[in-house]
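A.B. asks: Shown below is the structure under consideration.
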Amino acid sequence: MSDTAQTPAPGTVVDLSRKPRLGETVIENSLRICALVSIFTTVGILYVLVSQTIQFFGEVPIRDFLFDTQWTPLFADAHFGIWPLVGGTLLVSLVAMCVALPLGILAAVYLSEFASTRARSILKPAIEILAGVPTVVYGYFALITVTPILQKFVPGLGGFNALAPGIVMGIMILPTIASVSEDALHAVPGKVREAAYGLGASKTSTILRVTLPSAFSGIAAAVILGFSRAIGETMIVVIAAGQQANLTIDPRESVMTMTTYIVQVSMGDTPTGTIEYRTIFAVGFALFVMTFLTNLVSQRLAKRFRGLE
Amino acid sequence: MQEKRSTWRETLFRNACLVAVVIPLGLLALLIGDVVADGIGRLNGQFLSSYPSRFASRAGILPGLVGSIMLVVLTASLAIPIGVGAALYLEEYAGQETVGDSLAARAARVWDRYFATVIEINVANLAGVPSVIYGLLGLQIFVRVVGMGRSLLAGGATLALLVLPVVIIASREAIRTVPRHLREAAYGLGATRWQVSRRIVLPSAAPGILTGAILAISRAIGETAPIIVIGALTYVTFVPNNLSSEFTALPIQIFNWVSRPQEEFAVNAAAGIIVLLVTVFSLNLIAVLLRNRLERRLR
């Protein structure tokens with residue numbers, strides 16, 4: 001039985017027809033091209049963003065982009081400081097995280113540790129509905145429903161503000177955080193919980209002191225992934241956060257995010273090759289770098305908890 | 001005494017977790033209730049069959065509806081074959097070892113496996129790229145360089161690239177659930193790799209692939225930002241009749257109405273949202289039912 005040709009290792013496929021067929025080769029290569037489309041997409045995104053950004057920096061010094069505190073590229077007195085847009089993006093995203101982080105993690109704990117199988121089979125898809133709602137609908141909700149309600153409690157809240165879209169965005173990314181955190185909690189071996197119970201710990205203590213800390217890297221991956229979604233979210237902020245580039249930390253004010261700027265310029269008829277046209281690619285590149293780095297950190301952390309399984 | 005206090009703490013924590021599930025669901029109910037209350041009165045035959053208008057009460061969603069349907073058909077017919085093809089390649093072809101291969105063939109397989117890993121990482125990264133960036137890609141490549149203009153075709157191609165990772169990931173998972181022994185039985189009978197893929201793997205994986213395809217379509221229907229960036233119009237008084245025609249889509253029409261200050265247009269937006277949500281939720285429901293059925297069959 002030492003002949004490996006007769007007992008192939010599991011997972012290998014024995015090919016007894018040794019003549020290469022033309023049709024098979026054609027099909028294999030067509031399928032390979034399908035797989036290559038995803039590579040072309042990445043290359044395309046990088047090429048488009050980088051080439052336009054380089055031309056942008058040919059006209060605007062990189063120093064202005066990074067250190068100027070005003071963003072007014074469409075005005076006669078043009079300033080190209082990215083910070084108001086980055087600040088607006090981070091402000092809305094932070095509001096979103098204040099909602100999504102506690103709710104998402106607690107919801108994951110409920111689904112994973114408390115809910116009966118039956119309750120879970122209903123609640124989990126129900127929460128996932130939230131991730132399927134088109135973002136333009138959330139934008140409507142933030143502007144028409146949530147902002148007027150908040151105006152009754154928050155003095156000085158403008159018609160466009162960072163608070164309402166932030167809260168609604170938090171609800172939108174909650175399913176992402178809840179579902180990845182739940183996977184992480186599931187990956188904690190049952191014997192770890194049983195050991196805690198064996199020492200006399202209550203269920204709450206076990207969750208807070210043992211299960212959640214064990215799942216830490218997975219939950220951190222979930223939170224960072226949620227943050228990355230928030231940074232890249234577009235329609236909610238376009239509709240409800242306003243169109244004024246504004247460097248502020250007050251969520252009651254109107255802010256413009258990076259995504260909003262891209263949409264705002266796209267809606268006007270900006271000719272190719274102008275500096276305005278290139279600004280959207282430079283902003284897009286900055287956005288791409290931010291989401292790529294956060295996704296990378298999230299994937300690294302996720303890999304660590306998958307390693308436990 | 002100690003016992004009692006700890007029970008109280010247990011209940012508190014459990015209820016806090018329950019509240020975290022109830023709050024988002026409550027907000028979802030509020031959203032749906034609010035949209036229906038605002039828009040249901042506006043939803044009638046005239047609304048579905050009219051063009052946009054300066055007068056909110058005469059405006060309708062016909063061009064958006066037709067545009068969205070054409071866009072989605074286009075997206076699906078691009079993304080599904082390419083996505084399934086890529087998944088088949090990654091699962092059934094790349095790096096599959098063949099006993100008795102020459103050294104050169106083995107080296108090629110090692111290279112294929114490396115290539116497959118690169119694609120796998122790449123697809124995971126693409127899934128995390130914000131949709132507005134796909135809009136920039138479509139704007140520069142499809143609209144300008146390829147010269148498609150601000151057409152339906154450019155919109156469909158952009159959305160196809162956007163949903164491609166969803167199709168690839170779902171199809172790979174579906175293909176992986178096909179039991180190994182089915183393939184081996186077919187190979188044993190002398191079937192070629194493509195015969196096995198087409199007659200054994202694809203039919204067995206079809207429900208899972210279909211679920212992924214439906215979720216991808218449902219995502220494409222609701223996408224707004226990328227097609228605004230490639231230049232879909234917001235005020236269209238014609239129905240697009242070919243692939244190079246300019247177009248609008250339902251979410252863009254809704255966005256246009258939401259951004260107007262007059263309240264009557266917000267009512268139109270709500271009515272448009274009802275149509276959009278019914279479509280998206282029905283598609284998601286079909287996908288969930290299909291998945292449940294599939295899970296039952298596997299058990």
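The values are calculated or read from the model by the stated rules, or taken from the named source; none is laboratory data. Model, not experiment: these values are computed from the prediction. As a convention, Cβ positions derive from the backbone with ideal geometry for all residues, glycine included, and neighbour counts pool all protein chains shown. All accessible areas refer to the heavy atoms of the entire protein, side chains included, with ligands and DNA or RNA removed. Shrake-Rupley method; radii C 1.70, N 1.55, O 1.52, S 1.80 Å.
A.B. asks: In square nanometres, what is the average projected area of the Cα convex hull of chain A?
C.D. replies: Seen from a random direction, the Cα hull of chain A projects 26.1 nm² on average.
A.B. asks: Over the alpha carbons of region B:48-298, what is the largest minus smallest coordinate on each principal axis, giving the biggest first in Å?
C.D. replies: The Cα atoms of region B:48-298 stretch 74, 44, 30 Å along the principal axes, largest first.
A.B. asks: Could you provide, to the nearest whole Å², the per residue accessible area of chain B with probe 1.4 Å?
C.D. replies: Here the residues of chain B average 44 Å² of exposed surface.
A.B. asks: Placing unit charges on C-beta atoms (Lys and Arg positive, Asp and Glu negative, everything else neutral), compute the dipole magnitude of chain B about its Cα centre in debye, rounded to 20.
C.D. replies: Dipole magnitude for chain B comes out near 560 debye.
A.B. asks: Compute the orientation-averaged projected area for the protein assembly as shown from the convex hull of its Cα atoms and round it to one decimal in nm².
C.D. replies: Reported value for the Cα convex hull: 33.3 nm².
A.B. asks: Would you calculate a helix-derived [θ] at 222 nm for chain B, using -39,500 (n - 2.57) for each DSSP H run of n ≥ 4 and dividing by the full residue count, to the nearest 500?
C.D. replies: Computed mean residue ellipticity for chain B: -23500 deg cm²/dmol.
A.B. asks: To the nearest 20 debye, what charge dipole does chain A have about its Cα centre, counting +1 at the Cβ of each Lys and Arg and -1 at the Cβ of each Asp and Glu?
C.D. replies: Charge dipole of chain A: 1040 debye, to the nearest 20.
A.B. asks: While we're looking at this one, here's another question. Give me the one-decimal nm value for the distance between modelled label points at residue A:63 and residue A:51, 7 Å along each residue's Cα-to-Cβ direction.
C.D. replies: About 3.0 nm, to one decimal.
A.B. asks: Once B and A are treated as a pair rather than alone, how much accessible area drops out, both sides summed, in Å² to 100, probe 1.4 Å?
C.D. replies: Separately minus together, B and A give about 7400 Å² buried.
A.B. asks: Follow-up question, since we're still on this one. Could you please state, rounded to a whole Å, how far the C-alpha centre of region A:132-203 is from the C-alpha centre of region B:79-93?
C.D. replies: 35
A.B. asks: While we're here: Reachable aspartates and glutamates from residue A:124, Cα under 18 Å, same-chain residues fewer than 8 places away excluded?
C.D. replies: A:113, A:182, A:183, B:295
A.B. asks: When chain B is treated as a GNM, springs tying every alpha-carbon pair under 10 Å, which of B:114, B:51, B:89 comes out with the largest mean-square fluctuation?
C.D. replies: Of the options given, B:114 has the highest mean-square fluctuation.
A.B. asks: Using Cα-Cα distances under 8 Å and only pairs 6 or more residues apart, what relative contact order does chain A have, in percent?
C.D. replies: 24
A.B. asks: What list of ³J(HN,Hα) couplings, whole Hz, do you get for region B:267-280 from phi and the Karplus terms 6.51, -1.76, 1.60, once you set θ to phi - 60° and write x for glycine and proline?
C.D. replies: Calculated HN-Hα couplings, in order: 5, 4, 4, 4, 5, x, 5, 4, 4, 5, 5, 4, 4, 5 Hz.
A.B. asks: Ordering B:181, A:79 from largest to smallest accessible area (1.4 angstrom probe), what's the sequence?
C.D. replies: B:181, A:79
A.B. asks: Now a separate question. Test of understanding: in a Gaussian network model of chain B with alpha carbons linked when under 10 Å, which of B:68, B:102, B:49 would top the mean-square fluctuation ranking?
C.D. replies: Per the Cα network of chain B with a 10 Å cutoff, B:102 tops the list.
A.B. asks: Cα centroids of region A:236-309 and region B:27-52: how far apart, whole angstrom?
C.D. replies: Each part's Cα centre sits 30 Å from the other's.
A.B. asks: Let me ask something else. Considering only C-alpha atoms, what is the centroid distance from region B:230-299 to region A:74-107, in Å?
C.D. replies: 27
A.B. asks: Please compute the modelled spin-label separation between residue A:252 and residue A:187, points set 7 Å along Cα→Cβ, answer in nm with one decimal.
C.D. replies: 4.3
A.B. asks: Oh, and also: From the phi angles alone, apply the Karplus equation (6.51, -1.76, 1.60; θ = phi - 60°) to region B:81-93 and give each ³J(HN,Hα) in whole Hz, x where the residue is Gly or Pro.
C.D. replies: With coefficients 6.51, -1.76 and 1.60, one gets x, 5, x, 5, x, 4, 5, 4, 4, 5, 8, 9, 9 Hz.
A.B. asks: What are the membrane-span-like helices in chain A by this rule: whole DSSP H runs, Cα extent along the axis at least 20 Å, mean Kyte-Doolittle hydropathy at least 0.0?
C.D. replies: Going by DSSP H runs, the hits are A:22-59, A:83-109, A:117-132, A:163-186, A:216-232, A:275-306.
A.B. asks: To continue, here is another question. Could you compute Rg(Cα) / (2.2 N^0.38 Å) for region A:127-265, with N its residue count?
C.D. replies: The reported ratio for this selection is 1.34.
A.B. asks: Please check: in the Gaussian network model of chain A (C-alpha springs, under 10 Å), which one of A:232, A:139, A:58 has the largest mean-square fluctuation.
C.D. replies: A:58
A.B. asks: List every residue whose amide H lies under 5 Å from the amide H of residue B:260, counting only residues 5 or more places away in sequence or on a different chain, with H placed 1.01 Å from N in the peptide plane.
C.D. replies: none
A.B. asks: Per-residue counts of other Cβ atoms within 10 Å, averaged by peptide: what ranking do you get for B:265-273, B:280-288, highest first?
C.D. replies: So the peptides B:265-273, B:280-288, ranked by packing, come out B:265-273, B:280-288.
A.B. asks: How large is the helix-only mean residue ellipticity at 222 nm for chain A, computed as the sum of -39500 (n - 2.57) over DSSP H runs with n ≥ 4, divided by its residue count, in deg cm²/dmol to the nearest 500?
C.D. replies: Helices in chain A give a 222 nm mean residue ellipticity of -21500 deg cm²/dmol.
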